[in-house]
Number of protein chains: 2
Amino acid sequence: MSKGVTLKSEDYSRWYTDVITKAELADYGPVKGTMVIRPYGFGIWENIKEAFDKRFKETGHVNAYFPLFIPKSFLSKEAEHVEGFAKECAVVTHSRLRATSDGKGVEVDPSSKLEEEIIVRPTSETVIWAMYRKWINSYRDLPLLINQWANVVRWEMRTRLFLRTSEFLWQEGHTAHASEKEAREEALKMLEVYREVLEDVLAVPVLTGLKSESEKFAGAVDTYCIEAMMGDKKALQAGTSHYLGQNFAKAFDVKFQNENNKEEFVYATSWGVSTRLVGALIMAHGDDKGLRLPPKVAPIQVVIIPIVRRDEDGKKLMDYINPLLVKLKEQNVRVHIDDRKKISPGFKFNEWEMKGVPIRIEVGPRDMENNQVFTARRDTSEKFGLDIESASQNIVQLLEEIQNNLFQQAQQFREENTFTVDNYDDFKAKIKHGGFVRCGWDGTEETENAVKSETKATIRTIPFDENPKDLKCIYSSKQAKHEVVFAKSY
Amino acid sequence: MSKGVTLKSEDYSRWYTDVITKAELADYGPVKGTMVIRPYGFGIWENIKEAFDKRFKETGHVNAYFPLFIPKSFLSKEAEHVEGFAKECAVVTHSRLRATSDGKGVEVDPSSKLEEEIIVRPTSETVIWAMYRKWINSYRDLPLLINQWANVVRWEMRTRLFLRTSEFLWQEGHTAHASEKEAREEALKMLEVYREVLEDVLAVPVLTGLKSESEKFAGAVDTYCIEAMMGDKKALQAGTSHYLGQNFAKAFDVKFQNENNKEEFVYATSWGVSTRLVGALIMAHGDDKGLRLPPKVAPIQVVIIPIVRRDEDGKKLMDYINPLLVKLKEQNVRVHIDDRKKISPGFKFNEWEMKGVPIRIEVGPRDMENNQVFTARRDTSEKFGLDIESASQNIVQLLEEIQNNLFQQAQQFREENTFTVDNYDDFKAKIKHGGFVRCGWDGTEETENAVKSETKATIRTIPFDENPKDLKCIYSSKQAKHEVVFAKSY
């Protein structure tokens, strides 16, 4: 850990990249647009993944795995209107390499050209629905509640670690139901799972609501979303859940025999979150000293640093610390002892602050004399002594406090930067400085487009708690159809 | 579950595919060579994965994620001799699709041709070592103990579900060390983790040992392996662990400053197991009624089938079963109630037998009168009543018994089909009928090749417990260099 990071206030985007690099969360891969998720970053993702996976299973879903490769022809089935279609994706055209004639390198063997090109999945709807056609015959086969954890590829040249890379990791739920009602309930149920994990585990408050027509997923009837505010007051779409109606069932001819022996197209949903949530964590909680991790997703919740000034103190200190260590582990606290030699305590403090470990404990000879440990909270920077005997209970409680505090700080920040306006001048004045702006919208795409081109802000969501009754559209001044939240976004 | 499966004795290969299809473990994907892992098969894989992952972490390893895409040029660094190189793999050459001029389909946009072709990883050594070059500078950065769970692609036209598909899931450990000694210890440590999981979790006995020169991984100094015997007496390589020496460090120029301030190339290992282990499970334990799953990997360990003859019995039965259900869940038993209506008990029995659920419990009105539940073991087909009060303890014990019994059966089968011979005539007579044949080998590739072309058998391993001292080579009659195990294999 050589130096600190660029200040947030100075250059937010550089601050973001600095934190990722210095906290060793991720790195750039050798092929342009690709990302390596380093162990510390992956440890965070594993905790996020587990929080979702547990809830998916509790709500009756099962995991499966579908192929990476999709026949090119499937993509035209998916696209509602192929005309004007342009999709950035990785196309596989050959299946063999061979040695070059000088024997020093490799080249593509032209004789291995494929008859039909293959696409690396940008998402798995098409291949999954091709299989559902085989698996679904009767209402007895429904509902089918399948989730997949996988890598997907969308060609991106403007890389931004965790937020925009050509390959990323995600989960995609794809469910099939016998009725519209059940499918709509499923889409909302999974949105609620998303909200819960974001708020209770990642400590990131989110708005829940519907997307406007122009912002929704092309194949969906309705797209629900969770939207979070980042530290630069921009919005980040943190997850989406789609009610797909019978669109995919019709495209892939998936019918079932209902209880009255009649054939019907299946009703569907899909929903997904991705490694971009690691980016959300960084931007929602990070500060000028680096990452601040909510305890529930922190790979290390407590780091203990023995302050050894003379070699002979080392063993004594470890004996002193050990009972605390055991107790913390018994309480499932993820604790790490940093006993690296030849590295100064100051260097270690900075490193663990950068990595956002919620609680740092320092123990030196004087603490030993006083029967205490010296404790520092990453969220508030508070420092205080804790009695060694009762330290483990205090720490467990403290972790909970930090979890809550990070959520409250993020929520307060969002509230301070959320504005309600009733005219376009106020709208422009507010949106210029970022934040969420709540206002009336006449429901037309023209208004959306005009506001976007004039201010770069888009409708992030039509929140579930909207109340458009007495509102006018800020742009057209017509009666508002919806109360919406505008923001600039990632 | 319409009918049973082809008999093992009749057509082993068809039996294998039938079991996979009827137990709903996997299906063929739309692109030739690809596989869909269905929820039940994926549930097994999740349990296998968890068993390994837990042990990887306990032995100090961390997970990370490296990109799917590898620059073509990296492949020539890996290949020790590029001359004669031919690699079946998926080559990405373009990055965009567009609508066809008639607007009805999609085609590859020729203007999106890549400057350098990209390879879909067949394994990640090259991209990982390119990163290690950036991350490793000093002995303080070592050891680096990283594992990755990922999908990899090797072009395969002769598909065999779980055993040979163009895409498969695996884990690949890639570690870097400051000394040969430490790296060699690591390779052996991970082989021992593999042995433990295979034997204690999958209930599949394995031989541990070294590969011969011709069977080892091209980039390795030494390849260690675990080899298992399948139900048709063929060998299956279930996992490998390589000591790579400084080969990759030299190819990717990865040096570190040692404690004496001298630059040195890093020492390396790699090790992997894959979804082929699901195939190993099927073939090691399956019988003519389908799958037989060891409890530790079974997604469902106990299935309870209420035998409802009159509708009014339904609720009573559930009230009767419920306390047992609660107790089983408290003891972390994975239990499932099959209360599907309009499906006969006989049909359900067959289905759960096919799916290999270790214990089936039937409860009907008469069992209720007798305060018992009727229990069937999948491994032995034994059936007996259990007192409802003590059933949960008995079942937990039974699961352990079944786990052990499956291992013992497989071990006995292997012993019955392992032979020791001291001359080539006996060798040929034995190997003709399959099984493992232990004998002396002179250590030459010529002998290996001759035996292979005459009998199709290869050296599966030089077992750690070899004792070649008084042995002669079965083929050349020269003094044996090693005692080895020959077999036909997958």
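The range A:220-279 and the range B:430-490 have Cα centres separated by 58 Å. For the range A:23-109, the gyration tensor built on C-alpha atoms gives an oblate shape. Its axis ratio a/c (a ≥ b ≥ c) is at least 1.5, and a/b is not larger than b/c.
Once backbone amide H atoms are built at 1.01 Å from N, A:Leu244 has A:Val221, A:Ala268, A:Thr269, A:Ser270 as its partners under 5 Å, excluding neighbours fewer than 5 places away on the same chain. In this assembly of identical copies, the label point of B:Asp339 (Cα plus 7 Å along Cα-to-Cβ) is separated from its counterparts by 5.4 nm, sorted shortest first. Qualifying chymotrypsin sites (Phe, Trp or Tyr not before Pro) in the range B:103-143, where qualification requires a DSSP coil assignment and no more than 10 other C-beta atoms within 10 Å, are lacking entirely. Neighbour counts of other Cβ atoms within 10 Å put A:Asp338, A:Asp253 in the fewest-to-most order A:Asp253, A:Asp338.
Against the main long axis of the alpha-carbon atoms of chain B, helix B:445-455 sits at an angle near 40°.
Counting beta carbons within 10 Å around each of A:Cys473, B:Cys439 and listing the fewest first gives the order A:Cys473, B:Cys439. Cross-link check: pairs A:Lys8/A:Lys488; B:Lys234/B:Lys478; A:Lys49/B:Lys57; A:Lys327/B:Lys329; A:Lys54/A:Lys296 evaluated at a Cα-Cα cut-off of 20 Å; pairs beyond the cut-off: B:Lys234/B:Lys478; A:Lys327/B:Lys329.
Between 0 and 90 degrees, the angle of helix A:276-285 with respect to the longest Cα principal axis of chain A falls at about 50 degrees. Sorted shortest first, the distances from the A:Gly4 label point to those of the same residue in the other copies are 7.5 nm; each point sits 7 Å from Cα along Cα-to-Cβ. What shape does the range B:302-405 have by the C-alpha gyration tensor, where a ≥ b ≥ c are the square roots of the eigenvalues, rounded means a/c under 1.5, and otherwise prolate means a/b greater than b/c and oblate the rest? Oblate.
When B:Ser453 is represented by a point 7 angstrom out along its Cα-to-C-beta vector, the spacings to that point in the other copies are 7.6 nm, nearest first.
Mean partner shielding of peptide B:19-32, defined as the number of other chain Cβ atoms within 10 Å of each residue Cβ, is 4. Return the subset of A:Lys104/B:Lys216; A:Lys72/A:Lys456; B:Lys32/B:Lys456; B:Lys430/B:Lys469; B:Lys216/B:Lys452 for which the Cα-Cα distance in this structure is over 25 Å, preserving the input order. Violating the 25 Å limit, Cα to Cα: A:Lys72/A:Lys456; B:Lys32/B:Lys456.
State whether the protein assembly as shown is rounded, prolate or oblate according to the following rule on the C-alpha gyration tensor (a ≥ b ≥ c being the square roots of its eigenvalues): a/c under 1.5 gives rounded; otherwise a/b larger than b/c gives prolate, and the remaining case gives oblate. In terms of gyration-tensor shape, rounded. Evaluate the Kirkwood expression for the hydrodynamic radius of the range B:418-487, namely the inverse of the mean inverse distance over all pairs of different C-alpha atoms, and round to one decimal in Å. That comes to 11.5 Å for the range B:418-487.
Farthest toward the positive end of the dipole of chain B, out of B:Gly346, B:Val363, B:Asn151, is the Cα of B:Gly346, where the dipole comes from beta carbon charges about the Cα centre. Across the range A:468-478, computed HN-Hα scalar couplings (Karplus, 6.51 cos²θ - 1.76 cosθ + 1.60, θ = phi - 60°) run x, 3, 9, 9, 10, 5, 5, 8, 9, 6, 6 Hz from first to last residue, x flagging Gly and Pro.
Could you tally the net charge around A:Glu466, taking each other residue with its Cβ under 11 Å from the Cβ of A:Glu466, Lys/Arg +1 and Asp/Glu -1? My count for the surroundings of A:Glu466 gives +1. Local charge for B:Lys8 was computed over the other residues whose Cβ lies under 15 Å away, with Lys and Arg +1 and Asp and Glu -1, and equals -1.
Coordinate-derived values only; no laboratory data. Remember, it's a predicted structure, so these values are computed and weren't measured experimentally. FYI the Cβ positions are ideal-geometry reconstructions off the backbone, even for glycines, and counts take in every protein chain you see.
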